[in-house]
Amino acid sequence: MLMNPELLTDPQALGQLHDEHYPAVYRYLAYRLGDPALSEDLAAETFLRLLDALRKPLTRVDNPRAWLLGTAHHLAMDALRRKYRRREEDLADHESLPAHHSPEAAAESAQTLRQVRQAMRRLTADQQHVLALRFTQELSLEETAQMMKKSLSAVKVIQFRALAALRRLLLEADIR
């Protein structure tokens, strides 16, 4: 789908674009940030930036999915930089479990989730980005390479190293 500023005059086309791509943008942000509320805010900001970009003269978006995910990536990186500047600790885990789970199982699950998130944060930005694109967006290696503007072999190496590092970090934390 090739987009240009004329899209701004068609609210139905804008709505369709939003409905088609919002779940992928939100899923990507939620995976990267682990914060549903912030992910919703940044997904909305991603679409606002698309509208702003389309208002500029001579703006063309050849691949809306790639443009939106690229913008979401930049917003996620900005949010992570802000978060690392001022350390925050979650007082409560906002994950909800079905009522039939025991408190022990809920505590163990929350601890495992925290350890996985901590391990993910220790990966490089490129490693986190590749894993997010490959496993939350289910992009192929070729699509991931295109979005990251890297060669296919570079993306394969980044993914291999990311999974190996994640495995090592989780074993160190005794996650099975």
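The values are calculated or read from the model by the stated rules, or taken from the named source; none is laboratory data. All figures in this text were calculated on a predicted structure; none of them were measured in a lab. Cβ coordinates were reconstructed from backbone atoms using ideal geometry, including for glycine residues, and neighbour counts include every protein chain displayed.
Scan the range 141-156 for residues that are outside any helix (DSSP H, G or I) and either among the basic types (Lys, Arg) or surrounded by 13 or more Cβ atoms within 10 Å (Cβ to Cβ) (or both) and jot them down. It would help to see each step written out before you state the result.
Quick first cut of the range 141-156, residues outside any helix (DSSP H, G or I) only: 149-151.
Those that are outside any helix (DSSP H, G or I) and either among the basic types (Lys, Arg) or surrounded by 13 or more Cβ atoms within 10 Å (Cβ to Cβ) (or both): Lys149, Lys150.
Does any residue of the range 48-55 turn out to be closer than 24 Å to Thr124 by Cβ and touching a Leu at 6+ places or on another chain (Cβ under 9 Å)? Break it down stepwise before answering.
Kept after step one, since they are closer than 24 Å to Thr124 by Cβ, are these residues of the range 48-55: none.
Taking every residue of the range 48-55 in turn, none turns out to be closer than 24 Å to Thr124 by Cβ and touching a Leu at 6+ places or on another chain (Cβ under 9 Å).
Would you be able to say whether some residue in the range 135-150 is in contact with a helix residue (DSSP H, G or I) (Cβ under 6 Å, 6 or more places away or on another chain), small (Gly, Ala, Ser) and at pLDDT 90 or above? Taking every residue of the range 135-150 in turn, at least one turns out to be in contact with a helix residue (DSSP H, G or I) (Cβ under 6 Å, 6 or more places away or on another chain), small (Gly, Ala, Ser) and at pLDDT 90 or above. Taking first residues from the range 11-23 that are within 15 Å of Ala72 (Cβ to Cβ) and touching a residue at least 40 places away in the same chain (Cβ under 8 Å) and partners that are surrounded by 12 or more Cβ atoms within 10 Å (Cβ to Cβ) and charged (D, E, K, R), the Cβ contacts under 9 Å between residues at least 6 apart in sequence or on separate chains come to His21/Arg65. When the residues of the range 73-112 are narrowed to those that are under 29 Å from Thr144 (Cβ atoms) and at pLDDT below 75, which ends up surrounded by the most Cβ atoms within 10 Å (Cβ to Cβ)? Here the residue is Glu95.
If a residue must be part of a loop (DSSP other than H, G, I, E, B) and modelled with pLDDT of 80 or more, how many such residues does the range 52-61 contain?
As a first pass, look at the range 52-61 and keep what is part of a loop (DSSP other than H, G, I, E, B): 56-60.
Among the residues that remain, those that are also modelled with pLDDT of 80 or more are: 56.
Going through the range 52-61 one residue at a time, the tally reaches 1.
Consider the range 125-176 and keep the residues that are without any contact (Cβ under 8 Å) to a residue 12 or more places away in the chain and polar (S, T, N, Q). The one that is farthest from Thr112 (Cα to Cα) is Ser151. Candidates in the range 117-130 are the residues that are under 25 Å from His21 (Cβ atoms) and modelled with pLDDT of 90 or more; of these, the one that is surrounded by the fewest Cβ atoms within 10 Å (Cβ to Cβ) is Ala125. Restricting attention to the range 14-40, the residues that are more than 13 Å from the chain's Cα centre (by Cα) and within 25 Å of Arg122 (Cβ to Cβ) total 1.
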